[in-house]
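Participant: I have a structure I would like to understand better, so I am pasting it below and will then ask my questions one at a time.
Coordinate-derived values only; no laboratory data. Note that the structure is predicted; figures quoted are calculated from it, not measured. Here the Cβ is made from the backbone with ideal geometry for all residues, glycine too, and neighbour counts use every protein chain on show.
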Amino acid sequence: MKLKSRHFGEIEVEDDKIIEFGQGMIGFPQAKRFCLLSQEGIAPYQWLHAVDQPDLAFLVAPQLLLYPQYELTLSDCEAARLRFSESDQAVVLLVVTLPADPKDATMNLLAPVVIHEAERLGAQVINERHGYTVRHRIQDEMRSQAKEGTSHAGANQEKEAVADAG
Amino acid sequence: MLVLTRKKKQSLMLGDDIEVHILEVNGDQVRIGIVAPDSVRVLRREIYHDVAAANQAAAVGSRVSGPAKKITPGI
C-alpha cells in the first residue's frame, strides 16, 4: 500500500511490513497500524510511522543500543496479546523525544514499544517495576556508560545520528 | 460524573463487555479487578497522562522532512 507521509512523501509499504498495534500508541488510540522506516543517515534510529495517519511518526531506537542494561518485565497478559511464547525473541524499541537542542534528547524507559516480528504485532507497554521514567536523558546515559567503560564504538555515532535527525 | 456506591465483591458493567469488580477495601485503599476486551487498554490514570504527554512530545512535527534522504520500510 502507499503511505502518504506528511514528513517523507509517498512511500510504498508492503503489507508484510505492517505491524498491528491493537491498542495504538498511548494517547493516540486511532492509529493501529505502523511500519518502521529506515532513513539514510539516522541509523540505528528509525521512524515508527502510522500507516493510516500521514502526520504521525515517532523516532525510535533499539533498546539494546540506547540502554543495554534495560530490564523489561512483560505481563502474562501482554505477552499473550502479542502471542509470545517462551522461545520467542521480542524486538524492544525506545521512543525518543528530540527537542530543539539534540543534546537534550530523551528516551522513554517507562513505556517501550515491544514488537513480535514474526506475528507482525506490536504494543506500547508499561514497564513499571524498575523505576524507569518517561524522560531519561540519552546524553547522561552515554556519559555514564563511557565512565563505566561499557561504552561501545557506536555510542558516539548514535549521538551524531540524533543530531542529524533533528 | 456518575457516582455509585458499591460494596466489596460487588461490580459494575461499563457498556456490554467491561466489568469492574471491587475485590477488597482496606482503609483508603481499594483493590479493583477489571475484565475488558483486548482492544481496551487499562492503565492507572497518572501513568496514562505521563506517557500520553511524553508521546505527544515525541510525535514528530513539521521540522522533520524528506525525502531528501532515502526512506526504506523496515522489519
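Participant: Quick one: putting +1 on the C-beta of Lys and Arg, -1 on the C-beta of Asp and Glu, what dipole do you get for segment A:29-143 around its Cα centre, in Debye to the nearest 20?
Facilitator: Roughly 140 debye, rounded to the nearest 20.
Participant: Specify which residue in the list B:Y48, A:Q53, A:L3 is farthest towards the positive end of the charge dipole of the protein assembly as shown, using unit charges on the beta carbon of Lys, Arg (+1) and Asp, Glu (-1), about the Cα centre.
Facilitator: B:Y48
Participant: Right, here's the next one. Taking neighbour counts of Cβ atoms within 10 Å as a proxy for exposure, in what order, fewest first, do A:T97, A:T133 appear?
Facilitator: A:T133, A:T97
Participant: Let me ask something else about it. Hey, rough spin-label estimate for A:E40 and A:E86, points 7 angstrom out along Cα→Cβ, what's it come to in nanometres?
Facilitator: If labels sit at A:E40 and A:E86, their model points lie 4.7 nm apart.
Participant: Rounded to the nearest 20 Debye, what is the dipole magnitude of segment A:34-86 about its Cα centre when Lys and Arg each give +1 and Asp and Glu each give -1 at the C-beta?
Facilitator: In total the dipole reaches around 40 debye.
Participant: Within the protein assembly as shown, what is the number of lysine pairs with alpha carbons under 23 Å apart, leaving out pairs fewer than eight places apart on the same chain?
Facilitator: Taking the protein assembly as shown as the scope, the lysine pair count is 17.
Participant: Further question: First measure r as the distance between the Cβ atoms of B:V40 and B:K7, then evaluate 1/(1 + (r/R0)^6) with R0 = 30 Å and state the FRET efficiency to the nearest 0.05.
Facilitator: Rounded to the nearest 0.05, the efficiency is 0.75.
Participant: Rank these for me by crowding, A:T106, B:T5, going from fewest to most other beta carbons within 10 Å.
Facilitator: In order of increasing Cβ crowding within 10 Å: B:T5, A:T106.
Participant: Relative to the Cα centre, what is the charge dipole magnitude of the protein assembly as shown, using +1 at the beta carbon of each Lys and Arg, -1 at the beta carbon of each Asp and Glu, and rounding to the nearest 20 debye?
Facilitator: 620 debye
Participant: Quick one: order B:I22, A:I126, A:I26 by neighbouring beta-carbon count within 10 Å, fewest to most.
Facilitator: Lowest to highest Cβ neighbour count: B:I22, A:I126, A:I26.
Participant: Hey, got a sec? Which GluC sites (Glu not before Pro) in segment A:70-123 land in a DSSP loop and have at most 15 other Cβ atoms within 10 Å?
Facilitator: A:E71, A:E86, A:E117, A:E119
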